[in-house]
1. Restrict the check to region B:68-75 and report whether at least one residue is of a type outside the set (Asp, Glu), open to solvent by 50 Å² or more (accessible area, probe 1.4 Å), over 30 Å from A:PHE192 (Cα atoms) and at pLDDT 95 or above.
2. Which condition breaks for B:THR63 when tested against (1) open to solvent by less than 50 Å² (accessible area, probe 1.4 Å); (2) under 15 Å from the mean Cα position of the chain (by Cα); (3) polar (S, T, N, Q)?
3. Looking at region A:174-208 only, could you name the residues that are touching a residue at least 60 places away in the same chain (Cβ under 8 Å) and more than 7 Å from chain B (Cβ to nearest Cβ)?
4. For region A:164-209, give me each residue that is among the β-branched types (Val, Ile, Thr), in contact with a strand residue (DSSP E or B) (Cβ under 7 Å, 6 or more places away or on another chain) and assigned to a helix (DSSP H, G or I).
5. Taking only region B:237-284 into account, find how many residues are within 17 Å of B:LEU173 (Cβ to Cβ) and open to solvent by less than 30 Å² (accessible area, probe 1.4 Å).
6. Criterion first (assigned by TED's automatic domain parsing to the domain that holds B:TYR267 and surrounded by fewer than 24 Cβ atoms within 10 Å (Cβ to Cβ)) does B:GLY197 satisfy it?
7. Scanning for something in the same structural domain as B:ALA103 (by TED's automatic domain parsing) and closer than 26 Å to B:LEU173 by Cα, does region B:42-50 turn up at least one residue?
8. Before we move on, is B:ASP120 among the acidic types (Asp, Glu), modelled with pLDDT under 95 and assigned by TED's automatic domain parsing to the domain that holds B:LEU21?
Number of protein chains: 2
Amino acid sequence: MIETVGLVGVGTMGEPMGESLLRAGFRVYACAHKNRAGLERLLARGAQESGSPADVASACQLTITMVPDAPQVEEAIFGPRGISRGARRGSIVVDMSTISPVASRSFHERAVQSGLEMLDAPVSGGPARAATGQLTIMAGGEQATYEKAEPVLRAMGTPTHVGPAGMGETFKLVNQIIIANVMVADVEGLVFAKKAGADLALLRRVLATATASNYLLDTWLPKAWFEDRHHGGFALDLLRKDLRAALDAGRAMGAPMFSSAQSYDLYDKASTNGRGRDDYSAVADVYEQAAGTKVVE
Amino acid sequence: MIETVGLVGVGTMGEPMGESLLRAGFRVYACAHKNRAGLERLLARGAQESGSPADVASACQLTITMVPDAPQVEEAIFGPRGISRGARRGSIVVDMSTISPVASRSFHERAVQSGLEMLDAPVSGGPARAATGQLTIMAGGEQATYEKAEPVLRAMGTPTHVGPAGMGETFKLVNQIIIANVMVADVEGLVFAKKAGADLALLRRVLATATASNYLLDTWLPKAWFEDRHHGGFALDLLRKDLRAALDAGRAMGAPMFSSAQSYDLYDKASTNGRGRDDYSAVADVYEQAAGTKVVE
């Protein structure tokens, strides 16, 4: 039974995930690299502070990494003060970051060589569902490791064992391919509607019952776009990074990425326009400039 | 109170819509142009046969047109044996076809000049939801006309009055813009997953709980793609026609159509490859050829 859980990465996602672990009764050890404020809030809720990922891991049976990209995962696990320097043999590292499946499989190999067990277990749902412990969690790795980690994952949402090492990241990249392109589809439709003088609130209500219904249009956009004006949510630059990983993986496998390649350019333009830290619905910026109209006044 | 309803167009959608009207107790008059078999099945369920759209309209208080495109709508309403030649003054014509909002507004004007009232009321949901009377119906036109027609529309699904003449078609084109691009997004993601060796059935189950969740992935594809092998559903050539209308309308309004323009090319290629009469999920054909793999074996 796992009782002590380490957390490396206490940003937009890591912090609410840490809260879910505390609520479920786990002893949580965390360390801060950049997000001192997030760490302080977790400490106030009962987490313990450690000085480095190595220190976190030495106190814990299972350590989670939740960081922006593969270089940060590598640093967190294999760096000079990384998890592998502090972890006891047979303890588990669960990387919940979204990174390339290729990089993830190489980290699995190196983790095993270091005497660790590993899962890649990226999530879907964003900060709102992280806060309520309702994330979708897609885990790749050995069945035995998954079974040991499963109660910890369940504290943060609904985990599914989706295949061997790297398959969690593959599932996640498929999710990102779809949401990147669905967001563009929704934005393109809404700008068209705005130009045609449609009542956008009524349009969203009607389309939620039609074949166009999708989670982003029905649930995400009303919050991120109409209520929150692109703040919060999921940063455009992070989606752009995920889409880059998907394009690289697709190219390596010979999977055609017609739509994602074009969508990547749109997110790239929006990022160049200074919208990289906004919710990724800010890809609308490119459309609004071309159309000469704002979708939300 | 409307008791007699005419139906011009008894194809894939018109036939099950006629069945819903009969179930709701309306007297239905219909005529066949191409779909003799569909008409025969409606007659067997209690519909009356008329010789032409003019004859249908002369027997009815409200006449529905459900045909492929604007030229067929024009023929059905204003042709030499069209509805306007037989309809009594003040009777209602409801065009439920998917056509350009520009063409629809011009038909509204001409209908009014002919002493008719008109609604554009295209639908979303496909043959399956037409059969169960659960279509989403988006109606444009005068409020008073909508109120008279509403009980007839309700027999076929859930109608909403979305604005003035042509606004039903605008809402429908927004739906088509979104579904055309969401289908491409789903296909691109599934081909990527297939190339990566993912369990596709498990993937769809997991993504249905994730941010990628959309009606086409969760509900349409399992039937059209995995069970029905692209048969039935909504013909790729009809979607391609709708997308052409959306591209034309978007260009005329100055709405950017980056994604739809590229998706149009993909549907066009699939049609050229002989897949135009299959469900529009057959756009996968282009991906499967490029990837050298079948998504569904």
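1. no
2. The single condition B:THR63 does not satisfy is (2).
3. Listed by number, the residues that qualify are A:GLN176, A:ALA180, A:MET183, A:VAL187, A:LEU190, A:LYS194, A:LEU200.
4. A:VAL182, A:VAL206
5. Number of matching residues: 16.
6. Yes, satisfied.
7. To start, the set of residues in region B:42-50 that are in the same structural domain as B:ALA103 (by TED's automatic domain parsing) comprises B:42-50.
From the residues that got through so far, the ones that are closer than 26 Å to B:LEU173 by Cα too are none.
No, region B:42-50 contains no residue that is in the same structural domain as B:ALA103 (by TED's automatic domain parsing) and closer than 26 Å to B:LEU173 by Cα.
8. So B:ASP120 fails the test.
The values are calculated or read from the model by the stated rules, or taken from the named source; none is laboratory data. Model, not experiment: these values are computed from the prediction. FYI the Cβ positions are ideal-geometry reconstructions off the backbone, even for glycines, and counts take in every protein chain you see. These area figures cover heavy atoms from the full protein model, side chains too; ligands, DNA and RNA do not enter into them. Shrake-Rupley method; radii C 1.70, N 1.55, O 1.52, S 1.80 Å.
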